[in-house]
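A.B. asks: Input: one structure, supplied below.
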Amino acid sequence: ATAGSMSCLRREPELSRSQEFQQHARSQKVVQMNVQLLGMEGDQDLQFLLQGGDLLKVRSPTWKKTRYFKLQDDCKTVWRQSKKIFRRKQTFSLDDISAVRLGRQTEGLKKNTDEQVEDRCFSIVFKGHHKTLDLIACSEEEAKQWVKSLQKMISNMNNLSRQQKREHWIYSCLIKADKNKDDKLSESDMKSFLRLINVEVDDDYAELLFKKCDTSNSGYLAGEEVEHFYELLTHREEIDVIYGEYAQTTGYMSPQNLVDFLMKEQRQKATLADAHKIIKQFEPDENAKEKQLLSKDGFLMYLHHQDAMVLQPEHREVYQDMDQPLNHYFISSSHNTYLMEDQLKGPSSTEAYIRALLKGCRCVELDCWDGSDDEPVIYHGHTLTSKILFKDAIQAIKEYAFKVSDYPVILSLENHCSIEQQTVMAHHMSSILGSALVTSPLGQGMPTDFPSPEELKGKFIIKGKRLNKLEASFAQEVLAADDTDVTEEEESGDDDDYEEQHQKKSKLAKELSDMVIYCKRRLHVFITSVCVQRQEASNSSLPLLSAANAYIHHNMEKLSRIYPAGSRADSSNYNPVPLWNAGCQIVALNFQTTCSDMDVNQGRFLVNGKSGYILKPSYMRDPTTEFPEVPRPIVISGQQLPKVTKKKSSIVDPIVKVEVYGVQDDVAEKETNPIDNNGFNPEWNETFRFDVYVPDLALLRFVVEDHDSASENEFIGQYTLPFNSIQMGYRHVPLLNSNGDLIPAAGLFVHIMIVDAE
């Protein structure tokens, strides 16, 4: 049966499953402590997940099997039953979940189930390349309960402060180290715990640390002894030094002490009212709060808050002028968006569009070919990549286009369809996108410029070919059609033989042609602009990309789209920075590929509310504006890295690289010495200096790696942000994994100073 069959009773697992589950259970005390940390005492949704229940797992029309799912006592990990004898991992973390979707929203459920079970279906979509879990509950109500409960838990975990996440993680490691579950730590348990949190110590030091905490001389740590061990472990000397310098009021910070710290160290304007607000929000001791004093714990909680971190809080929201013409912005853009893997035989999926849009992408690509049953399909033509229906892609784009950003989405059409199926394409876009699709110029008469992102909020615009000039639709010609073209540009090659295509007369359906309003596709080649060449300006010490000068001026009026060469069959990427330096707006990358190029792209579009639009510097919009010439030195020092690696057999030797991306003279990289056998709380205490000439185009990237003298270093985490979005002073830096997702308990602590050159 396509719907499958299962019991509709919520029940405890059968005896064999119960015995299997006992290996993963935690005591009721553990549950209570985690529930308190999450602030979810008595929450019915949490209790539902802790009880668990049967769900029908769907893999194919004929493979549907009942499996038992249950939230473990750490309130963070879901255990699932497996019939595979040698299956090692039967759990997944709530941190690994990208989305929980109710209904038959995934390709798997649409393909493998009937519409009659629509209300009982839901899917758990994971970050990265993990397979989606397609599930069927025994009733509509239970499906909704699973979705609601999981979404609430994910939201609550995401809303924990960095300090709370770190405490939760450390406590979970303590529970794992307590092998016999007696709430006591033997010396062997303590060593296991230290390895779990990524610290390697010799036996003599471990014995000394254990004896220091074992005040009862019982041979194990319990109660207050465990708490003392935790305090010793999490003590941060650098915070003591900073706090001690300003805590001048009987060992506490007064409001004036805090103002002094904010103005002198953090280089930010601050008043006594600001200090009172911080104390009220972050001081955990009610007695200290009543006296308007800030303790060291409150000070640390403040430093962990996102407003006090390295990224300027104002830049997390839309702060730039969004009323400029579209070509005055860098636009987050994807190449061959439909692909999940490589360019030759990998799968195509609507999920790839969803993931790109949820990362803030504002220009997606659709390679359209004739399909069966008069339905156009999308795939990488003349390859073994799988196919998806054009209408399914448009439907997915409509549903997810504006969940992250309200600003316009550009649909870049690679049209290889017959006239008949082009007409079908036009019908699908018109019927699915409706009034959100721009099919005529905004305002009255022929446009004299590109519209702005603000004017196009919530809209879709088509980039493609037209049969005629836009002016033909109007009684009088006001603007040359060239002024509304998109310039396609090569990196070093092209996906298609455009020289040959350019000579062929296009066959285009009028219905599709008429939808192309602002982005008519043409080909201009500026090969030298892509090669990063430079010359010294005769009257300036600032090196410029002189070969790109013509292209920079071209991009003041036009839109340019860059994409990877066709030779990149593995979906590798190129460095987008030189293209941004040339003023190119639509620099398209393979979003499915994890690499430093995508890290930098994510960093570029991290700010301005993650809107996918970043206003170009004035000298890239106005030919009368001059390039800046004065370097801005930046000094960086760093400490404190919690565990981020999943390696069980070894302890990391962390090394930090600090990289600057930008114009050629700004590009630089420096690295610390490695810290041996300590991925929990290493301190580098090193200082770097960089001279940044063009801060408007510069990005700063922190990279943490596991040092290996015999082979290539292993990536641990990174964080990239625009230079102009940096907050000075003592700042925590979050770390992202290779997929661009936040590593919950990891970070750097740095001191940054940016000064004007003399």
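The values are calculated or read from the model by the stated rules, or taken from the named source; none is laboratory data. Everything numeric in this text was worked out from a predicted model, so none of it was measured. A quick note on method: Cβ atoms are made from the backbone with ideal geometry, for glycine too, and the neighbour counts reach across all protein chains shown. What goes into the accessible areas is simple: the full protein's heavy atoms, side chains included, and nothing from ligands, DNA or RNA. Shrake-Rupley method; radii C 1.70, N 1.55, O 1.52, S 1.80 Å.
A.B. asks: Take the residue pairs Lys510/Lys558; Lys131/Lys345; Lys57/Lys148; Lys345/Lys403 and return only those whose Cα atoms are more than 22 Å apart.
C.D. replies: As for pairs spanning more than 22 Å Cα to Cα, those are Lys510/Lys558; Lys345/Lys403.
A.B. asks: What shape does segment 160-228 have by the C-alpha gyration tensor, where a ≥ b ≥ c are the square roots of the eigenvalues, rounded means a/c under 1.5, and otherwise prolate means a/b greater than b/c and oblate the rest? Don't jump to the answer; show the numbers that get you there.
C.D. replies: Values: a/c = 1.75, a/b = 1.43, b/c = 1.22.
Here segment 160-228 falls in the prolate category.
A.B. asks: Want the number for Glu626 to Lys152: 0.36 nm per residue separation, take away the alpha-carbon distance, what's left?
C.D. replies: Working: separation 474, 0.36 × 474 = 170.64 nm, distance 5.10 nm.
Result for the pair: 165.5 nm of gain on full extension.
A.B. asks: Within the accessible area of segment 673-746, what % is carbon and sulfur when the probe is 1.4 Å and the other protein chains stay in place?
C.D. replies: On the way: 1020 of 2620 Å².
Solvent-exposed carbon and sulfur of segment 673-746 make up 39 percent of the total.
A.B. asks: Using a Förster radius of 51 Å, what is the FRET efficiency between Thr687 and Thr91 based on their Cβ-Cβ separation? Nearest 0.05, please. Each step should come with its number before you reach the end.
C.D. replies: Values: r = 42 Å, r/R0 = 0.83.
Plugging the Cβ-Cβ distance into 1/(1 + (r/R0)^6) gives 0.75.
A.B. asks: So, one more: Subtracting the Cα-Cα distance from 0.36 nm times the residue separation, let me have the gained length for Thr215 to Glu317 in nm, one decimal. Mind dumping the intermediate values first?
C.D. replies: Details: separation 102, 0.36 × 102 = 36.72 nm, distance 5.12 nm.
Here the answer is 31.6 nm.
A.B. asks: If you rank Lys610, Lys457, Lys57 by how much accessible surface each has, with a 1.4 Å probe, what is the order from largest down? Mind showing how you got there, number by number?
C.D. replies: Working: Lys610 110, Lys457 85, Lys57 30 Å².
If we order Lys610, Lys457, Lys57 from most to least accessible, we get Lys610, Lys457, Lys57.
A.B. asks: While we're on this one: What does the net charge come to around His228 if you take all other residues with beta carbon closer than 13 Å to its beta carbon, with K and R at +1 and D and E at -1?
C.D. replies: Working: positive: Lys211, Lys212; negative: Asp214, Glu224, Glu225, Glu227, Glu231.
Here the charged neighbours net out to -3.
A.B. asks: Can you classify segment 111-249 as rounded, prolate or oblate using the Cα gyration tensor, where a ≥ b ≥ c are the square roots of its eigenvalues, rounded means a/c under 1.5, and otherwise it's prolate if a/b beats b/c and oblate if not?
C.D. replies: Numbers: a/c = 3.11, a/b = 2.06, b/c = 1.51.
It is prolate, given that a/c is not under 1.5 and a/b is the larger ratio.
A.B. asks: Between Asp183 and Lys144, what FRET efficiency comes out of the Förster formula 1/(1 + (r/R0)^6) with R0 = 41 Å and r the beta carbon distance, rounded to 0.05? Please report the intermediate quantities before stating the final value.
C.D. replies: Details: r = 37 Å, r/R0 = 0.91.
The computed FRET efficiency comes out at 0.65.
A.B. asks: For Leu135, Leu508, what's the largest-to-smallest order of accessible area, 1.4 Å probe?
C.D. replies: Numbers: Leu135 0, Leu508 25 Å².
Output order, biggest surface exposure first: Leu508, Leu135.
A.B. asks: Related question: Over the Cα atoms of segment 83-177, what is the Rg over Rh ratio if Rh follows Kirkwood?
C.D. replies: Result: Rg/Rh = 1.05.
A.B. asks: Moving on to the next point. Where a Cα-Cα gap under 18 Å defines reach, which lysines qualify for Lys212, not counting those fewer than 8 residues away within the same chain?
C.D. replies: Reachable lysines: Lys184, Lys191.
A.B. asks: Aspartates and glutamates near Lys610 by alpha-carbon distance under 16 Å, same-chain residues fewer than 8 away left out - which ones?
C.D. replies: Glu314, Glu317, Asp321, Asp406, Glu454, Asp599, Asp741
A.B. asks: Rank Lys403, Lys558 by accessible area, highest first, at a 1.4 Å probe radius? All intermediate terms of the calculation are to be shown ahead of the outcome.
C.D. replies: Working: Lys403 130, Lys558 20 Å².
Sorted by accessible area, descending: Lys403, Lys558.
A.B. asks: For segment 171-269, with all protein chains present and a 1.4 Å probe, just round the carbon and sulfur fraction of the accessible area to a whole percent.
C.D. replies: On the way: 2750 of 5370 Å².
Whole-percent figure for carbon plus sulfur exposure: 51.
A.B. asks: What accessible area per residue comes out for segment 119-206, rounded to a whole number of Å², with a 1.4 Å probe? Kindly include the intermediate steps, with their values, before the conclusion.
C.D. replies: On the way: 3930 Å² over 88 residues.
On a per-residue basis, 45 Å².
A.B. asks: Using the structure shown, select from Lys110/Lys391; Lys127/Lys181; Lys111/Lys152; Lys616/Lys670 the pairs with a Cα to Cα distance greater than 24 angstrom.
C.D. replies: Lys127/Lys181; Lys111/Lys152; Lys616/Lys670
A.B. asks: While we're on this one: Mind checking which aspartates and glutamates have their Cα closer than 19 Å to the Cα of Lys264? Skip sequence neighbours fewer than 8 apart in that chain.
C.D. replies: Partners within reach: Glu238, Asp240, Glu245, Asp274, Asp307, Asp756.
A.B. asks: Sticking with this structure for a sec: Residues of segment 210-339: accessible area per residue at 1.4 Å, in Å²? Write out the running numbers ahead of the final one.
C.D. replies: Details: 6480 Å² over 130 residues.
On a per-residue basis, 50 Å².
A.B. asks: Report the accessible area of Lys520, computed with a 1.4 Å probe over the heavy atoms of all protein chains in place, in Å² rounded to the nearest 10.
C.D. replies: 40
A.B. asks: Something else now. With the Cα gyration tensor of segment 362-478 giving a ≥ b ≥ c as the square roots of its eigenvalues, does the rule (a/c under 1.5 for rounded; else a/b larger than b/c for prolate; else oblate) give rounded, prolate or oblate? Write down the numbers at each step before the final one.
C.D. replies: On the way: a/c = 2.25, a/b = 1.43, b/c = 1.57.
Verdict is oblate for segment 362-478.
A.B. asks: Compute the distance in nm between two label points, each set 7 Å from the Cα along the Cα-to-Cβ direction, one at Gln444 and one at Glu245.
C.D. replies: Label-label distance for Gln444 and Glu245, simple model: 6.4 nm.
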